[in-house]
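Peer 1: Below is a structure I'd like to ask you about.
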Ligand SMILES: NC(=O)c1ccc[n+]([C@@H]2O[C@H](COP(=O)([O-])OP(=O)(O)OC[C@H]3O[C@@H](n4cnc5c(N)ncnc54)[C@H](OP(=O)(O)O)[C@@H]3O)[C@@H](O)[C@H]2O)c1
């Protein structure tokens with residue numbers, strides 16, 4: 001049996017659209033009653049480790065979708081609970097959705113790298129790491145024009161090799177269905193062509209007037225964002241602005257696993 005966690009999240013929903021209804025595939029969610037029809041759903045809540053033995057009973061492959069944005073200790077406790085429970089339940093293979101290697105400078109990289117290390121150190125699990133690049137959808141949020149039609153995100157002249165979330169879901173679903181073919185592999189799933197604020201503005205008919213990181217930090221803090229979200233978003237902007245997320249360019253693991261060129265991130269953003 002294959003169990004997919006987090007199916008009511010953005011990525012999990014797209015994975016479930018591909019896998020729901022297949023024989024031997026289960027949905028996992030903190031809210032299994034909200035999983036769309038098309039297969040059995042189980043409670044999967046890493047914040048309730050005592051429930052995970054039942055969640056993972058009989059599961060051979062676990063597609064572990066990283067569990068939300070939070071402080072490192074919270075995310076690490078979640079992922080540690082999930083992997084420990086998977087080991088105890090006799091799961092054979094964990095496919096984990098991580099963060100691209102070029103994201104090492106991001107404030108949320110540490111919990112992903114901890115989880116990768118935990119999987120590699122497991123005495124019983126086989127594993128595959130899907131290192132997902134920044135979602136095109138997230139870039140669309142970061143670089144959304146204000147009511148005045150101006151994009152003020154502090155991205156400078158920087159660019160990011162953003163990826164359509166649907167492409168990452170397609171890869172995750174395919175790998176989880178055939179885990180043996182990907183055992184022990186770490187894939188870098190970043191876009192082929194990097195985008196900057198000016199291109200996003202051009203596609204949206206907006207004007208790009210990048211602000212400064214300090215202005216963004218102040219605005220985010222005042223917006224009601226949770227404390228940990230402020231450095232996450234400012235750090236993401238800084239990494240883009242200073243050229244850390246531009247990707248190597250050209251086809252890589254993403255195209256190879258999709259068997260086609262990735263969807264252009266600009267299309268995702270311009271399509272809303
Ligand atoms: N590459 C990027 O640009 C990017 C951007 C944002 C986030 N991420 C990471 O990628 C992950 C998936 O992205 P997404 O778009 O699906 O994020 P999302 O829409 O925020 O969904 C995250 C899902 O994680 C599951 N989750 C959260 N806490 C959990 C817990 N305690 N136990 C079990 N499951 C839990 C939930 O699924 P249920 O509601 O079904 O329980 C939640 O909906 C995120 O969690 C985050 O780690 C990546």
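Peer 1: Considering each residue of segment 84-106, count those that are buried (at least 20 other Cβ atoms within 10 Å of the Cβ) and under 18 Å from the mean Cα position of the chain (by Cα), and give that number.
Peer 2: Kept after step one, since they are buried (at least 20 other Cβ atoms within 10 Å of the Cβ), are these residues of segment 84-106: 85-86, 91, 93-100, 102-103, 106.
Of the ones still in play, those that are also under 18 Å from the mean Cα position of the chain (by Cα) are 94-100, 102-103, 106.
Of the residues in segment 84-106, 10 are buried (at least 20 other Cβ atoms within 10 Å of the Cβ) and under 18 Å from the mean Cα position of the chain (by Cα).
Peer 1: Follow-up question, since we're still on this one. Go through (1) more than 9 Å from the ligand (Cβ to nearest atom); (2) in contact (Cβ under 8 Å) with a residue 40 or more places away in the chain; (3) within 29 Å of residue 253 (Cα to Cα) for residue 94 and report which single condition fails.
Peer 2: Evaluating residue 94 over (1) more than 9 Å from the ligand (Cβ to nearest atom); (2) in contact (Cβ under 8 Å) with a residue 40 or more places away in the chain; (3) within 29 Å of residue 253 (Cα to Cα) leaves (2) as the failure.
Peer 1: While we're looking at this one, here's another question. Return only the number of the condition from (1) in contact (Cβ under 8 Å) with a residue 60 or more places away in the chain; (2) part of a loop (DSSP other than H, G, I, E, B); (3) buried (at least 16 other Cβ atoms within 10 Å of the Cβ) that residue 249 does not satisfy.
Peer 2: Only one criterion in (1) in contact (Cβ under 8 Å) with a residue 60 or more places away in the chain; (2) part of a loop (DSSP other than H, G, I, E, B); (3) buried (at least 16 other Cβ atoms within 10 Å of the Cβ) is unmet by residue 249, namely (3).
Peer 1: Looking only at residues that are within 11 Å of the ligand (Cβ to nearest atom) and over 15 Å from residue 94 (Cβ atoms) in segment 43-62, which one is surrounded by the most Cβ atoms within 10 Å (Cβ to Cβ)? Step through it out loud before you land on a result.
Peer 2: Of the residues in segment 43-62, the ones within 11 Å of the ligand (Cβ to nearest atom) are 43-49, 51-52, 55.
Retained after the next criterion (residues that are over 15 Å from residue 94 (Cβ atoms)): 43, 45, 47-49, 51.
Values: 43: 15, 45: 20, 47: 13, 48: 12, 49: 16, 51: 17.
By that ranking, first place goes to 45.
Peer 1: Separate question: Only one of (1) more than 15 Å from the ligand (Cβ to nearest atom); (2) in contact (Cβ under 8 Å) with a residue 24 or more places away in the chain; (3) closer than 25 Å to residue 117 by Cα; (4) out of contact with any strand residue (DSSP E or B) (no Cβ under 7 Å at 6 or more places or on another chain) is not met by residue 181, so which one is it?
Peer 2: Status for residue 181: all satisfied but (2).
Peer 1: Just give me the residues in segment 97-118 being more than 14 Å from the ligand (Cβ to nearest atom) and farther than 16 Å from residue 183 by Cα, in sequence order.
Peer 2: Narrowing segment 97-118 to residues more than 14 Å from the ligand (Cβ to nearest atom): 105, 117-118.
The answer is 105, and nothing else.
Peer 1: Looking at this structure, is residue 172 part of a helix (DSSP H, G or I), surrounded by 18 or more Cβ atoms within 10 Å (Cβ to Cβ) and within 13 Å of the chain's Cα centre (by Cα)?
Peer 2: On the way: part of a helix (DSSP H, G or I): yes; surrounded by 18 or more Cβ atoms within 10 Å (Cβ to Cβ): yes; within 13 Å of the chain's Cα centre (by Cα): yes.
Yes, satisfied.
None of the figures in this text is laboratory data; all of them are computed from the coordinates on show. Note that the structure is predicted; figures quoted are calculated from it, not measured. All Cβ positions, even for glycine, are placed from backbone atoms using ideal geometry, and neighbour counts span all protein chains on display.
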